[in-house]
1. Examine the range 317-327 for a residue that is over 27 Å from Phe232 (Cβ atoms) and in a loop (DSSP other than H, G, I, E, B), and state whether such a residue exists.
2. On the basis of being within 30 Å of Ala37 (Cβ to Cβ) and surrounded by fewer than 21 Cβ atoms within 10 Å (Cβ to Cβ), does Leu208 make the cut?
3. Can you say whether Val43 is more than 16 Å from the ligand (Cβ to nearest atom), under 17 Å from His135 (Cβ atoms) and touching a residue at least 40 places away in the same chain (Cβ under 8 Å), as far as the supplied structure shows?
4. Of these, Thr294, Thr311, which one is among the polar types (S, T, N, Q), modelled with pLDDT of 95 or more and surrounded by 21 or more Cβ atoms within 10 Å (Cβ to Cβ)?
5. Return the residues of the range 297-307 that are assigned to a strand (DSSP E or B) and either surrounded by fewer than 22 Cβ atoms within 10 Å (Cβ to Cβ) or on the phi > 0 side of the Ramachandran plot (or both); say none if nothing qualifies.
6. Quick one: in the range 103-113, of everything that is within 11 Å of the ligand (Cβ to nearest atom) and among the aliphatic types (A, V, I, L, M), which residue is farthest from the chain's Cα centre (by Cα)?
7. Looking only at the range 360-367, decide whether some residue is in a helix (DSSP H, G or I) and surrounded by 17 or more Cβ atoms within 10 Å (Cβ to Cβ).
8. Restricting attention to the range 251-258, does a residue exist that is at pLDDT below 95 and either among the polar types (S, T, N, Q) or out of contact with any Ser or Thr (no Cβ under 8 Å at 6 or more places or on another chain) (or both)?
Amino acid sequence: MIGKKNMMHELPVEAYTSQEWFDLEQEHIFSKTWQFAGLVEDVSNAGDYISVQAGLNNIFIIKGRDNRLRAFHNMCRHRGTQLLRAVGKNQKAITCPYHDWTYDLEGKLVSIPKKEEEFPDLCNKELHDCGLNLHEASVDIFKGMLFVHPEKNAPNIMEYFGAIEPHLGPHIPEELIEYKEGIYSKEIKSNWKIVIENNIDHYHLAHLHEGTLNMYDHAKAKFGWEGPHYWFFEPLVKDYMNDLKNAVQSPLIDHVPMDKIGAYVPWFFPNIGLAESEASWSTFHVLPLAPDRTLVTFRTKTANVSEWEYTKQAAKSAMSSVWSKYGNKGKYEGDSSDPMASGDFMKEDIYACEQQQKSLSSPMFSVGAQAQRGEFAVSKFQSVVKEWIEKYRDNG
Ligand code: FES
């Protein structure tokens, strides 16, 4: 494809800039797919809850007294007020802040203040038989992650994600631990698809990240698709692998066998990825906020060992010669406040995404060419977005 005007390979440029496209995606992609909500430990006890925006729906997951997870639309049946905010613990019941209608943890309406006086027509039946219980949604678990789906009878989660499972790392996230420093959020001034395309673009790894991710052997990367999902694996470079036990910056994850070491970076359609490595396991959640604004959140888990083990490993790693050759050097020279001189691969990626978004408004913008191997995933991802929009737009 040479200089095709107004197209980003498979999608029109407006798909990255217009409110109309953004609204179509919210309705036909984010409201019809399993959406990442958090990690299983976020709701570990009865009464713990977490809420999440899933396309047009705000949904909360709550653990009942029977230890079952349930999901409901976060919307009072009286006049729609949001019931629960963000994250919370030990909720005994769910009371709407507006007029105090109260639901139990199973979503049943259990009390209405001034019922006899104000709602005589609701008095002849038990409240939970009045058809005003919370609207049910679906919740399920995949690889230690909580997902919600706005439909009560959602498609089976393993049918949706299962085919990609053999391509994931051998990591067991439930055995790892998340420290406070393991959570990082950042608003990026670009369309959500540019963020994802950057993440699945193999071509840029050896270039944009020549000083930050060169401990992985990009030439030996393997990648492909299973349904709408992308998988990716690349091994460590030989020098690093040979001195791994000393050079690794934090303790190795002991349940990852040596012959499986490397970076697994899958992408689950539409908006959640993983980065599974020798010493960490991270989720990478991409939440579209506006056509040109995206919130990204990383949550990282590492080996469940003492702080002393972390201190010892950091000291060993600092003495390894591996890091003088690989990693943590900026692409440009300069002050570390410049993302391109920071030696931080995430800052490099954010910089590249924001610069691309800016160029989309130029009348001179066009996509020049596509690398056959390195960029094939970018146009494939665009085709999946396009198919999803067309399928649902035509079939309701
Ligand atoms: Fe919830 Fe009125 S809107 S009680």
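1. yes
2. Criteria not met by Leu208.
3. Spelling it out, it is not the case that Val43 is more than 16 Å from the ligand (Cβ to nearest atom), under 17 Å from His135 (Cβ atoms) and touching a residue at least 40 places away in the same chain (Cβ under 8 Å).
4. Of Thr294, Thr311, the one residue that is among the polar types (S, T, N, Q), modelled with pLDDT of 95 or more and surrounded by 21 or more Cβ atoms within 10 Å (Cβ to Cβ) is Thr294.
5. Result: Thr297, Phe298, Arg299, Thr300, Thr302.
6. Applying the filter and picking the extreme gives Ile112.
7. So far as the range 360-367 goes, no, none of its residues is in a helix (DSSP H, G or I) and surrounded by 17 or more Cβ atoms within 10 Å (Cβ to Cβ).
8. No, the range 251-258 contains no residue that is at pLDDT below 95 and either among the polar types (S, T, N, Q) or out of contact with any Ser or Thr (no Cβ under 8 Å at 6 or more places or on another chain) (or both).
The values are calculated or read from the model by the stated rules, or taken from the named source; none is laboratory data. The structure presented is a predicted model; accordingly, all values stated were derived computationally and were not measured. Glycine gets a Cβ as well: all are built from the backbone with ideal geometry, and neighbour counts include every protein chain shown.
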